[in-house]
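Comments concern the structure below.
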Amino acid sequence: MRMLWPTPLDDVTDDDLERLYGYPRDLDRPWVQVNFVASADGAATLDDASEGLSSPADKRIFLLGRDLADVVLVGAGTARAEGYRGARTNPERQARRRRLGLSDLPPIAVVSGSARIDPSSALFTDTKVPPIVITTAAAPEDRRAALAEAGADVLIAGEQMIDLTAALKELSARGLRRIDCEGGPHLFGELIAEDLVDQLCLTVAPVLAGAAGPRIAMGRTASEPHRLQLESILYEDGFSMLRYRKAA
């Protein structure tokens, strides 16, 4: 992997990546990083999954995003489509998290306004850390109870619809301020609409997917565009890894 900007490097190390993608120190509020891979024409999936757009370099950054985060945030639709389970680690990655003062594994926080999540799915049965389910007060009580019985920390954020600002505030109150959002497009669209995105890590795959797949952001339209600053560009095997931060 090469860095093209801001400092040209021919061989980017894990230490370089940690420096580039690390969260701000001494956070006193939720800080949201969003990770996406997209085709060159903007599609979020290929054959209904992101896997076809990914690469070893993209996966390296994806796993680093988990290693540096307090919590992984994902929409329920993406969790189902991608077959989510609990986060995994190895001795090297665990040592990194311990050195950074983080827990051994980040929990997966799934956003579902209806709490329509299968309590027998791998999110609950194949994990070492209980998941967090972010839902609404209007979600059926029996569903919420079933998820809690399966081990989830059920977090209510909003009455009829998810209030993402309230959800992030609740995560922050639990000490989960480094938030790594892995999609999907509707959750990303809502985060943009609420101006809650601090950093976007976007891998552009050298593929034209056509018009069939979803774009990386969908749903509610933001009232105004939110300007970003390009912070770094990495490159490997035709894949460009772009990192943007919210403009000051």
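Details
- If you go through region 205-232 and keep only what is open to solvent by less than 40 Å² (accessible area, probe 1.4 Å) and part of a strand (DSSP E or B), you end up with ALA205, SER232.
- Verdict on ASP142 being open to solvent by 50 Å² or more (accessible area, probe 1.4 Å), within 29 Å of ASP48 (Cα to Cα) and among the acidic types (Asp, Glu): no
- The criterion of at least 3 residues that are open to solvent by less than 20 Å² (accessible area, probe 1.4 Å), at pLDDT 95 or above and within 22 Å of PRO131 (Cβ to Cβ) is met, among strands (runs of 3 or more DSSP E) falling completely within region 2-106, by 31-39, 71-75.
- Hey, GLU170 under 30 Å from THR13 (Cα atoms), open to solvent by 70 Å² or more (accessible area, probe 1.4 Å) and either outside any loop (DSSP other than H, G, I, E, B) or not hydroxyl-bearing (Ser, Thr, Tyr) (or both) or not: no
- Contact map, region 82-95: first residue free of Cβ contacts under 8 Å to residues at least 40 places away in the same chain and of a type in the set (Ser, Thr, Tyr), second residue open to solvent by 50 Å² or more (accessible area, probe 1.4 Å) and assigned to a loop (DSSP other than H, G, I, E, B), Cβ cut-off under 7 Å, separation 6 or more or different chains; pairs are THR89/ASP104.
Results for (1) closer than 19 Å to THR78 by Cβ; (2) free of Cβ contacts under 8 Å to residues at least 40 places away in the same chain; (3) touching a Phe, Trp or Tyr at 6+ places or on another chain (Cβ under 6 Å), shown as yes or no for each residue.
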{"position": "ILE117", "(1), (2), (3)": "yes, no, no"}
{"position": "LEU123", "(1), (2), (3)": "yes, no, yes"}
{"position": "ASP126", "(1), (2), (3)": "yes, no, no"}
{"position": "PRO130", "(1), (2), (3)": "no, yes, no"}
{"position": "THR136", "(1), (2), (3)": "yes, yes, no"}
{"position": "ARG144", "(1), (2), (3)": "no, yes, no"}
{"position": "ALA150", "(1), (2), (3)": "no, yes, yes"}
{"position": "ALA157", "(1), (2), (3)": "yes, yes, no"}
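The values are calculated or read from the model by the stated rules, or taken from the named source; none is laboratory data. Predicted model, so just to flag it, every value in this text is computed and none were measured. Quick reminder, even Gly has a Cβ in these numbers, built from the backbone with ideal geometry, and neighbours come from all protein chains shown. Only protein heavy atoms, including side chains, enter the accessible area calculation; ligands, DNA and RNA are left aside. Shrake-Rupley method; radii C 1.70, N 1.55, O 1.52, S 1.80 Å.
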